[in-house]
Amino acid sequence: MKRADVITIFPGFFDAVQFGVMGQAIKDGQYGFKAHDLRDWTTDRHRSTDDTPFGGGPGMVMLAAPLIRAVEAIDPAHEACRILMSPRGEPFGQRMAGELAQLDRLLVVCGRYEGVDERVRPYLDREISLGDFVLSGGEPAALALVDAVVRLIPGVLGNSQSAGDESFSSGVLEYPQYTRPREICGHKVPEVILSGDHAAINRWRRGMALLITKRRRPDLFGRLTLSVKEMELIEELEEQEQK
């Protein structure tokens with residue numbers, strides 16, 4: 001069974017894994033998860049996990065010794081991919097989530113404060129950032145990473161097509177979704193969705209996914225190699241909006 005272990009000073013933060021897709025996967029025995037309290041590997045009476053930085057400066061730095069002891073105790077044979085969540089890491093994305101989903105074990109270290117003592121890094125494999133912003137700690141980032149990975153494990157999602165249809169999986173954002181009722185507050189479901197013509201529905205969905213990506217994520221759109229028919233489809237949808 002694939003699993004993830006997380007090292008944190010706030011293990012209670014990860015009680016959230018009991019909900020949703022991740023919670024069901026854990027309950028069904030499809031994925032294993034455990035949050036480890038870093039303080040269990042401290043040696044002083046105050047159970048210290050941080051100290052002031054050498055050379056001065058604001059904030060605190062996470063101590064190397066407890067982190068090294070925790071990593072080596074949890075993963076003594078180095079069977080896991082050891083990851084540090086850090087703002088200076090490589091950016092996380094759907095492709096990376098797919099890569100990590102192929103691995104049997106992950107060990108995720110939650111950075112905090114001004115970061116971790118640099119001497120921890122030789123004991124780690126990767127440094128990953130959730131994005132170009134700063135969180136109060138690595139816990140939200142670690143939870144997001146594990147959640148993104150778990151849902152890509154075969155059998156976790158009820159519909160095998162669900163993961164492939166989502167935003168970023170095919171390099172574009174997801175197309176619009178609708179459900180009952182057919183009209184609400186004067187807003188109607190597009191007729192093509194109700195037509196029963198699956199070829200037309202798929203064509204519309206592809207076109208809307210491309211159009212939304214073009215408008216909201218031009219960086220992603222610029223990487224796409226589109227056919228003439230796809231370009232014509234985008235133009236067609238844009239013209240329909242103007243009518």
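The values are calculated or read from the model by the stated rules, or taken from the named source; none is laboratory data. Everything numeric here is computed off the predicted structure, so don't read it as measured data. We place every Cβ from the backbone using ideal geometry, glycine too, and count neighbours over all the protein chains shown.
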* Please go through the stretch 87-135 and pick out each residue that is farther than 24 Å from Pro76 by Cα, part of a helix (DSSP H, G or I) and not polar (S, T, N, Q). => Arg95, Met96, Ala97, Gly98
* Check whether at least one residue in the stretch 148-157 is among the small types (Gly, Ala, Ser), free of Cβ contacts under 8 Å to residues at least 40 places away in the same chain and touching a helix residue (DSSP H, G or I) at 6+ places or on another chain (Cβ under 8 Å), and report yes or no. => no
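Here is a yes/no grid of residues against (1) out of contact with any Asp or Glu (no Cβ under 6 Å at 6 or more places or on another chain); (2) surrounded by 14 or more Cβ atoms within 10 Å (Cβ to Cβ); (3) free of Cβ contacts under 8 Å to residues at least 60 places away in the same chain:
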site	(1), (2), (3)
Ile68	yes, yes, yes
Ala73	yes, no, yes
Pro76	yes, no, yes
Val108	yes, yes, no
Arg112	yes, yes, no
Asp117	yes, yes, yes
* State whether the residues of the stretch 39-57 include one that is under 22 Å from Phe133 (Cα atoms) and touching a residue at least 24 places away in the same chain (Cβ under 8 Å). => yes
* Asked: Hey, among the residues in the stretch 20-68 that are more than 27 Å from the chain's Cα centre (by Cα) and among the basic types (Lys, Arg), which one's nearest to Ala144 (Cα to Cα)?
  -> Arg47
* Asked: Asp5: charged (D, E, K, R), surrounded by 13 or more Cβ atoms within 10 Å (Cβ to Cβ) and within 30 Å of Asp132 (Cβ to Cβ), yes or no?
  -> yes
* To do: Might you check whether a residue that is at pLDDT 95 or above, of a type in the set (Val, Ile, Thr), surrounded by fewer than 19 Cβ atoms within 10 Å (Cβ to Cβ) and outside any loop (DSSP other than H, G, I, E, B) occurs anywhere in the stretch 33-43?
  => no
* **Check on Met22, crowded, with 18+ Cβ neighbours inside 10 Å, touching a Phe, Trp or Tyr at 6+ places or on another chain (Cβ under 8 Å) and either farther than 19 Å from Pro140 by Cα or not acidic (Asp, Glu) (or both)** => yes
* If you go through the stretch 167-196 one residue at a time, how many are exposed (fewer than 12 other Cβ atoms within 10 Å of the Cβ) and among the acidic types (Asp, Glu)? -> 2
